[in-house]
Amino acid sequence: MKIALIAHDKKKPEMVEFALAYKSVLKNHELYATGTTGLKVKEATGLPVHRFQSGPLGGDQQIGAMIASNDMDMVVFLRDPLTAQPHEPDVNALLRLSDVYRIPLATNLASAELLMHALKRGEMHWRELIHSRKDDA
Ligand SMILES: O=C(CO)COP(=O)(O)O
């Protein structure tokens, strides 16, 4: 599965703790991230992370483009709901596309943990069906 990890600045420590806590699950998947989040996750866990641009410089849009190709399977986006972001339209577009393509999306730590447990139990296999249908098309 391809998993996107994104965290606003005040949520980055939480993202690092999350990635460390679920490293045993995440290591079996392909990780993608916005620039700074990806760097922090990579440094903390040693896991390979494909890093896009930083969020304010277009990283959310790059991940959005993968979602629009139905090429991203899960998004963990630890948003900071208490701080205005200069690139709010990009953030909203990413959340909207996740809904358009029915991509499992967690926007806080509690939901992110539920997604990790579902992943561990193999409850995300339906995404592989979607990929195989896409390949047949
Ligand atoms: O701003 C972000 C998401 O909207 C996150 O970007 P960075 O991971 O580059 O800080």
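Bear in mind these aren't lab numbers, they're just calculated from the coordinates by the rules spelled out. Worth saying up front: this structure is predicted, and the values here are computed from it rather than measured. Cβ coordinates were reconstructed from backbone atoms using ideal geometry, including for glycine residues, and neighbour counts include every protein chain displayed.
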- Query: Just how many pairs of Lys in the chain have C-alpha atoms closer than 15 Å, counting pairs that are eight or more places apart or on different chains?
  - Reply: 12
- Item | Potential extension, Asp71-Lys10 segment - 0.36 nm per residue separation minus Cα distance | 19.2 nm
- Query: Taking the Cα-to-Cβ direction at Ala93 and at His125 and moving 7 Å from each Cα, how far apart do the two end points lie in nm?
  - Reply: 3.7
- Message: How high is the relative contact order of the stretch 54-137? Use alpha-carbon pairs under 8 Å, at least six apart in sequence, and give a whole percent.
- Response: 32
- Task: Tell me, rounded to the nearest percent, the portion of alpha carbon pairs in the chain spaced more than 26 Å apart.
- Result: 16
